[in-house]
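The values are calculated or read from the model by the stated rules, or taken from the named source; none is laboratory data. Remember, predicted model here, so these are calculated numbers, not experimental data. When we count neighbours, we look across all protein chains shown, and the Cβ atoms used for this are built from the backbone with ideal geometry, even at glycine.
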Amino acid sequence: MAWEGPEPFDSSSVIMTMRTQKTQPKRRRKRRLNELRSMLFGRPLNARKSNHLSKLDSKLNEALVASLASLEHEAGQCASFEQSYVEWMSLVNQPPSFVAVQSKRAALMFAIYNDQAVKAHFAQTDPELVSDLCTRILPLILPAFIAAMASSPCQLVAAVATLAELWPQEPMGMPSLLAKDNPQTQDEGDVSVPEDPVRA
């Protein structure tokens, strides 16, 4: 599915938007490089304006609503989707605040990791970041976040930002990435054990 961002978000008509967006002509908006990085980690402090939080919140809401539409396309109308819709929209409808924005960032990370259409959409503007998130950072961090019932979105976003910004592409001891960085590394089953001098 070719995933595209929706029309500007309007919480009062989101249901109608989701139900009719397949038949309405798409209005393509100009996209910028590092679009996802800006949404997940924010713009530099010296580039932020007084309305930064509200604009960021609106962009995250648009992305989350479009992610939900992608899920509807894949899953169809069913009880599982309806429950996901209720939970997702309760997050989208939260007013702008630090905690709300961090929660929405965490939800968007989850969508990027689990939905190929959302992943492909953001890979158009942030290919290196999307690759790093999906192959290294989120596989390492998301399981613990989910195991804790997604109760610490602020910590998740901080951990992801730290790994992405300070240690990009660092293997972090992950075997699959270590093997990719060092193709000469032997397989675990082929490791030679030094001879015990005592038994020699």
- Task: Answer yes or no: is there a residue in the range 9-32 that is modelled with pLDDT of 90 or more and assigned to a helix (DSSP H, G or I).
- Result: no
- Query: Only one of these conditions is not met by Lys119: (1) without any contact (Cβ under 8 Å) to a residue 60 or more places away in the chain; (2) among the basic types (Lys, Arg); (3) within 19 Å of Ala150 (Cβ to Cβ). Which number is it?
  - Reply: (3)
- Task: Look through the range 33-80, keep the residues that are of a type in the set (A, V, I, L, M) and more than 20 Å from Asp115 (Cα to Cα), and return whichever of them is modelled with the lowest pLDDT.
- Result: Leu45
- Item | Pairs where the first residue, in the range 91-110, is free of Cβ contacts under 8 Å to residues at least 24 places away in the same chain and under 18 Å from Asn51 (Cα atoms) and the second is part of a helix (DSSP H, G or I) and polar (S, T, N, Q), C-beta under 8 Å, 6+ apart | Gln94/Ser103
- Item | Filter pass, Ile146 being within 23 Å of Asp115 (Cα to Cα), modelled with pLDDT of 90 or more and touching a Leu at 6+ places or on another chain (Cβ under 8 Å) | no
- Task: Select from the range 88-132 the residues that are aromatic (Phe, Trp, Tyr) and within 16 Å of Leu156 (Cα to Cα) and list them in ascending order.
- Result: Phe98, Phe110, Tyr113
- Per the filter on the range 138-157, residues of a type in the set (A, V, I, L, M, F, W, C) and part of a helix (DSSP H, G or I) are Leu138, Leu140, Ile141, Leu142, Ala144, Phe145, Ile146, Ala147, Cys154, Leu156, Val157
